[in-house]
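Single-structure report; data block below.
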Amino acid sequence: MTEPLPKWEMRKYAYLWKNFQKKEFTNEQAIKALKEKNPHLMSVLFYDLKNMGWLFVERDKKDQRKKVYKIKEPNEAVKEMAK
């Protein structure tokens, strides 16, 4: 179930959606797309997005130590919040 996001996280989500949409991405790619200088902030953001239902997290098929992310489509998230 998707829950509403705080304004700052919604802004970051929007940038991630703009850059990746249905494609998988890594932490490094997200940092570059968001031009984020604070890696700790990315950890907080990914943790919250995952727990609030906006982000899917899986292990990288090539390197199990790494994670890959996929963002939920905005219209799907809004539909879930309306339930």
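Every number in this text was worked out from the coordinates using simple rules, so none of it is lab data. From a predicted model like this one, the values you see are computed outputs, not experimental measurements. Note: ideal-geometry Cβ built from the backbone for every residue, glycine included; neighbour counts use all protein chains shown.
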Completion exercise
All-but-one check, LYS70 against (1) over 20 Å from TRP8 (Cα atoms); (2) in contact with an Asp or Glu (Cβ under 8 Å, 6 or more places away or on another chain); (3) of a type in the set (D, E, K, R), failing number (1)
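Would it be correct to say that GLU3 is assigned to a loop (DSSP other than H, G, I, E, B), in contact (Cβ under 8 Å) with a residue 12 or more places away in the chain and either at negative phi or small (Gly, Ala, Ser) (or both)?
Values: assigned to a loop (DSSP other than H, G, I, E, B): yes; in contact (Cβ under 8 Å) with a residue 12 or more places away in the chain: yes; either at negative phi or small (Gly, Ala, Ser) (or both): yes.
When the stated conditions are applied, GLU3 passes them.
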Practice task
Looking only at segment 28-60, count how many residues are in a strand (DSSP E or B) and over 16 Å from LYS18 (Cα atoms).
Solution key: 4
Handout entry: Pairs where the first residue, in segment 9-27, is touching a residue at least 40 places away in the same chain (Cβ under 8 Å) and the second is of a type in the set (Phe, Trp, Tyr) and surrounded by 13 or more Cβ atoms within 10 Å (Cβ to Cβ), C-beta under 6 Å, 6+ apart
Key = TYR13/TRP54; PHE25/TYR69
